Amino acid sequence: MSMTAEPRTPLTEPAALPPETTQQLPAYRLRYRRIGPAIWLAHLDMMRTFERAVRRAGWPIAWSGGYNPRPQMTFALPISVGLATEDDYFDVVMETACEPLWLMRRLNDSLPQGLSVTACGRLPADKVESSLMSRVIAAEYRLTHPELPAAWQAVSRLSADQPLVVDKHSKGKIRQLDIRPLLLDVAIGQPDSLLIRVEAGSRSNLRPDLLLQALVRYGGLQEQSAADSEMTRVRLWLRPADPSEPPISPLDDLPELVEW
């Protein structure tokens, strides 16, 4: 069930957990977006930005133990420099139960320009222990530039057996990668965009810039046009509990959703 909340609704401070639920701390899933200047943050810098904003917001977030305690916050999928997103998620564990609207209002007041949370819901008890990052299996992106559709049409005329090999930079090394098996679907959207679905997550992951590299190498796209292309992540998909079922949205885990 989804309900849309008005940001100006009176809000209460975090509510104390009922005594019978204190053995398991409450957890929440939030959807966020990043646009404008925020797209140039590296993923680790963005995580630190969120951590600082959480402290400023006064969230009663739970912390890990040990000599270097960290806030119990897990992002679904790393996000590359230069990549905007409309549909990304992170999970947080709290010391006390909170109203989702209160969490969003406090955090949005503390985040810098270009970062905002747009939905929040409390995770049911059986979903708290599962790792959000480990369940990501696919992502969808919108790539925008006037030359992209023609470049993809040129690639699509190649034999389906021909590899699409690109150079992937990782940990200071370059290795060749055939991205064709990682491409799940490609469609031409508006006259100047491509909509792509790719494998994503900790097991296998295709960054959209690697597809742009393939379009340069095999589709005749100019390198400058690839560099000028806008990249936006528009959706994430999770592995369902039943492997025979289709992928699910991260929001499908939430019995109730509050949108900003």
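For every residue, the table says whether it meets (1) farther than 30 Å from Asp109 by Cβ; (2) free of Cβ contacts under 8 Å to residues at least 40 places away in the same chain; (3) β-branched (Val, Ile, Thr); (4) not in a strand (DSSP E or B).
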{"site": "Lys168", "(1), (2), (3), (4)": "yes, no, no, no"}
{"site": "Pro191", "(1), (2), (3), (4)": "yes, no, no, yes"}
{"site": "Ser202", "(1), (2), (3), (4)": "yes, no, no, yes"}
{"site": "Thr232", "(1), (2), (3), (4)": "no, no, yes, no"}
{"site": "Leu236", "(1), (2), (3), (4)": "no, no, no, no"}
{"site": "Pro246", "(1), (2), (3), (4)": "yes, yes, no, yes"}
{"site": "Asp252", "(1), (2), (3), (4)": "no, yes, no, yes"}
{"site": "Val258", "(1), (2), (3), (4)": "no, no, yes, no"}
**Complete:** Subset of the range 206-239, residues of a type in the set (Lys, Arg) and under 18 Å from Ile188 (Cβ atoms), comes to Arg235
**Request:** Answer yes or no as to whether Trp63 is under 16 Å from the mean Cα position of the chain (by Cα) and surrounded by fewer than 18 Cβ atoms within 10 Å (Cβ to Cβ).
**Result:** no
**Message:** Being touching a Leu at 6+ places or on another chain (Cβ under 6 Å) and of a type in the set (D, E, K, R) is true for just one of Arg56, Arg34, Arg122. Which residue is that?
**Reply:** Arg34
**Request:** Give the range 168-187 a look and list any residue that's at pLDDT below 95, loosely packed, with under 15 Cβ neighbours inside 10 Å and either in contact with a helix residue (DSSP H, G or I) (Cβ under 8 Å, 6 or more places away or on another chain) or charged (D, E, K, R) (or both), or say none.
**Result:** Lys171, Lys173, Arg175
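The values are calculated or read from the model by the stated rules, or taken from the named source; none is laboratory data. Please read these numbers as outputs of a predicted model, since none were measured by experiment. As a convention, Cβ positions derive from the backbone with ideal geometry for all residues, glycine included, and neighbour counts pool all protein chains shown.
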